[in-house]
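Visitor: Attaching a single structure in structure tokens format; questions to follow.
All of the numbers you see were taken from the coordinates with simple rules; none came from a lab. Since the structure is predicted, the reported quantities are computational estimates derived from the model, not experimental observations. Every residue, glycine as well, gets a Cβ built from its backbone with ideal geometry; the counts of neighbours run over all protein chains shown.
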Amino acid sequence: DTEVTQTPKHLVMGMTNKKSLKCEQHMGHRAMYWYKQKAKKPPELMFVYSYEKLSINESVPSRFSPECPNSSLLNLHLHALQPEDSALYLCASSQDSGGAVDTQYFGPGTRLTVL
Amino acid sequence: GQSLEQPSEVTAVEGAIVQINCTYQTSGFYGLSWYQQHDGGAPTFLSYNALDGLEETGRFSSFLSRSDSYGYLLLQELQMKDSASYFCAVSWDSNYQLIWGAGTKLIIKP
């Protein structure tokens with residue numbers, strides 16, 4: 001099973017709303033990622049969790065708040081977003097085998113529109 | 001700076017062979033990955049090259065020359081479903097961070 005699932009598939013929110021994106025994987029991977037992707041652009045790394053600890057934060061604004069409740073779940077909490085935050089938000093996971101380069105497997109994404 | 005270059009768009013005919021090139025300039029290098037992304041979909045892993053040479057997976061092959069900082073993705077017996085964007089990505093520093101090319105849109109004509 002090489003599946004990463006994400007919910008919801010689509011989300012429309014106002015600038016004053018609070019919402020959360022969810023990601024789940026059952027491949028036993030210990031690294032999980034959040035990416036943001038704008039149309040016709042490559043994915044941009046936002047956060048990396050390794051063994052449930054935040055490992056990388058690519059200077060993401062505080063209106064995005066990640067959370068890793070356990071090794072299978074990853075959330076992205078959204079608050080006071082701006083219209084320019086509208087994008088496809090992708091979750092990915094990898095084995096985190098330490099010292100080797102691991103393939104990242106992506107979920108289907110959440111299409112976010114901020115009004 | 002760190003950069004990857006790949007053509008923005010490639011057009012080919014169904015049943016033909018197409019090659020998508022990727023050159024890179026990075027401060028470190030562990031390997032080169034290729035991802036496919038259909039419109040509205042998520043990136044799907046295709047291949048990974050850490051060493052020089054050709055890796056074959058069905059209709060898709062990927063090549064790497066570390067001395068030339070160059071790789072390519074070769075797609076054979078093109079099918080309409082291969083119409084997608086293809087990204088090359090370098091693993092350069094840690095186990096986690098990828099440097100992505102801008103993507104190549106592959107258009108396939110009947």
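Visitor: I need the trypsin sites (Lys or Arg not before Pro) found in region B:1-86, filtered to DSSP loop residues with at most 13 other beta carbons within 10 Å of theirs.
Guide: Sites meeting the loop and neighbour criteria: B:59.
Visitor: Next question. What would the Debye formula give as log10 I(q)/I(0) at q = 0.21, 0.24 Å⁻¹ for the alpha-carbon point model of region B:37-91, no solvent?
Guide: Listed by q, the Debye log ratios stand at -0.85, -1.04.
Visitor: Quick check on region A:60-104: take the gyration tensor over C-alpha atoms, sort the square-rooted eigenvalues as a ≥ b ≥ c, and tell me if it's rounded (a/c under 1.5), prolate or oblate. Don't jump to the answer; show the numbers that get you there.
Guide: Numbers: a/c = 2.89, a/b = 1.99, b/c = 1.45.
Since a/c reaches 1.5 and a/b is larger than b/c, the shape of region A:60-104 is classed as prolate.
Visitor: Go through the cysteines of chain A and tell me which have no other cysteine Cβ under 4.7 Å away.
Guide: For chain A, the answer is A:68, because their Cβ atoms have no other cysteine Cβ under 4.7 Å.
Visitor: Enumerate the calculated ³J(HN,Hα) couplings along region A:43-55 in order (Karplus 6.51 cos²θ - 1.76 cosθ + 1.60, θ = phi - 60°), each rounded to whole Hz, writing x wherever the residue is Gly or Pro.
Guide: The phi angles translate into x, 10, 5, 10, 9, 10, 10, 10, 6, 6, 10, 5, 9 Hz.
Visitor: OK, next. Would you work out the relative contact order for region B:28-84, in percent, from Cα pairs under 8 angstrom that are 6 or more residues apart?
Guide: Over region B:28-84, the number comes to 26 percent.
Visitor: Rounded, prolate or oblate, given the Cα gyration tensor of the protein assembly as shown, with a/c below 1.5 counting as rounded? List each step's numbers first, then the result.
Guide: Details: a/c = 1.90, a/b = 1.45, b/c = 1.31.
Because a/c hits 1.5 or more and a/b exceeds b/c, the protein assembly as shown counts as prolate.
Visitor: So what is the relative contact order for chain A, in percent, with contacts set as C-alpha pairs under 8 Å and at least six apart? Mind showing how you got there, number by number?
Guide: Details: 290 pairs, mean separation 42.1, N = 115.
Over chain A, the number comes to 37 percent.
Visitor: Would you mind checking A:9/A:53; A:9/A:40; A:9/B:109; A:9/A:38; A:18/B:105 for any pair whose Cα atoms are more than 24 angstrom apart?
Guide: Numbers: A:9/A:53 26 Å; A:9/A:40 19 Å; A:9/B:109 31 Å; A:9/A:38 16 Å; A:18/B:105 35 Å.
From A:9/A:53; A:9/A:40; A:9/B:109; A:9/A:38; A:18/B:105, over 24 Å: A:9/A:53; A:9/B:109; A:18/B:105.
Visitor: Ratio of alpha-carbon Rg to the 2.2 N^0.38 Å globular estimate for chain A, to two decimals, please.
Guide: Cα Rg divided by the expected 2.2 N^0.38 Å: 1.01.
Visitor: Using only C-alpha positions, report the orientation-averaged shadow area of the convex hull of chain B, nm², one decimal.
Guide: Answer in nm², one decimal: 6.6.
Visitor: Also, I was wondering about something else. ³J(HN,Hα) across region A:81-94 via Karplus (A = 6.51, B = -1.76, C = 1.60, θ = phi - 60°), whole Hz, x for Gly/Pro?
Guide: Karplus-based 3J(HN,Hα) across region A:81-94 equals 6, 10, x, 6, 7, 4, 5, 8, 9, 10, 9, 9, 9, 8 Hz.
Visitor: Do any trypsin sites (Lys or Arg not before Pro) in region A:38-115 lie in a loop, going by DSSP, with at most 14 other beta-carbon atoms within 10 Å of their beta carbon, and if so which?
Guide: For trypsin sites (Lys or Arg not before Pro) across region A:38-115 that sit outside H, G, I, E and B with at most 14 neighbouring Cβ atoms in 10 Å, the list reads A:38, A:40, A:63.
Visitor: At what distance in angstrom do the alpha carbon centres of region B:45-92 and region A:43-86 lie from each other?
Guide: One Cα centre to the other: 30 Å.
Visitor: Using Cα pairs under 8 angstrom and six or more residues apart, how large is the relative contact order of chain B, in percent?
Guide: 37 percent
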